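Data first, discussion second: the structure below is written as structure tokens.
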Amino acid sequence: MGDEEPVIKRILFATDFSSCAHHAEAYAAFLANAYEATVTILHVLEIYEGTYVTTVQDPNETQEQLDEIVRRLAQPAGRVKHQQRAGIPDTIICETAQEVRADLIVLGTHGRTGLRHVLLGSTAERVLTMASCPVLTIRKLEQLEGHVATKPIHFKQIAVPIDFSDCSLEAVEYGVQIAKNFDASLTLLHSLEPLSYGIDLTFGHAAEQNRQQIVTRLKLVADEVQSQGVSVRTVIRGGMPADSILDFIDSSDCDLVVMGTHGRRGLSHLVKGSVAEAVLRRASCPVLAARHFTQPRSGRLSVAAS
């Protein structure tokens, strides 16, 4: 890392002791070791909204499970703390992240889709929209058809979807910092959404003109990334953003996706949704939402969003 200040100094690892959380724990240990970061392990005794009744978990039993995680992480991570609190999981996770001044939240996700997602929601997705720092979500590999559960953890191929918004450029900045630390290569991925066309059938010309503008802007960002010593390539794929990102992940040897997110909530979120949330539900590799990433101006890209 040289003389640069590490981008991750304090990690909050949230666990519910599920198999998904156990898999995410390995990533928390991996990053803590790589960055020599302090880890705070958090378990939330869930209180159902509108009641004062917690789940049937025995606090003494869960404390023993916390102690076991501390023992597992203490060797590779070195500096490990733990907390057990009661409340609504996503709220407590975000509050604790602020209290411990976390640079990164790490948590597993069950990757629910369809009706199960509508009914049960996702703690990971709610944390993603509320958190004051970047969030790394990991799905359990054995849940993913066609993927090997024993795949070693490394970050050598990093994909960063980019639509040239401020939040996507922040994701590029974060991706550059991660790539520097792990000597990884970066892929800037742009999804060229289908264009509608009028009765004059001018679609072909408009699409080609738009593509050339995208190519030019991607090259500007790529040149800036390369100037910071990071190997980079650009990829343009057609289709709706979430689908094209997931297709790229599945067809490449991608170890990590770093995404910006607008953090929409309420009606705006219901209407427009979130590409980041759609990707984290189905991605076959970890997804890092880089919202609220801050970096000294000297370490930032100078490419403007427009």
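Things to note:
- Counting the residues of the range 22-46 that are farther than 21 Å from S132 by Cβ and either at pLDDT 90 or above or touching a Lys or Arg at 6+ places or on another chain (Cβ under 9 Å) (or both) gives 10.
- The residue of the range 203-230 that is modelled with the lowest pLDDT, among those that are surrounded by 12 or more Cβ atoms within 10 Å (Cβ to Cβ) and more than 25 Å from D166 (Cβ to Cβ), is F203.
- Exactly one residue out of E49, E99 is of a type in the set (D, E) and either modelled with pLDDT of 90 or more or closer than 22 Å to P6 by Cβ (or both), and it is E99.
- Complete set of residues in the range 231-245 that are surrounded by fewer than 19 Cβ atoms within 10 Å (Cβ to Cβ) and farther than 20 Å from Y174 by Cα: I236, R237, G238, G239, M240, D243
- Tabulated pairs, the range 126-140, first under 11 Å from L280 (Cα atoms), second surrounded by fewer than 23 Cβ atoms within 10 Å (Cβ to Cβ) and aromatic (F, W, Y), C-beta under 9 angstrom, 6+ apart or interchain: L136/Y27; I138/Y27
- Tally, over the range 121-161, of residues that are among the hydrophobic types (A, V, I, L, M, F, W, C), out of contact with any helix residue (DSSP H, G or I) (no Cβ under 6 Å at 6 or more places or on another chain) and modelled with pLDDT under 85: 3
- F164 being aromatic (F, W, Y) and at pLDDT 85 or above: yes
The values are calculated or read from the model by the stated rules, or taken from the named source; none is laboratory data. Everything numeric in this text was worked out from a predicted model, so none of it was measured. Ideal geometry is used to build each Cβ from the backbone, glycine not excepted, and the neighbour counts take in all protein chains shown.
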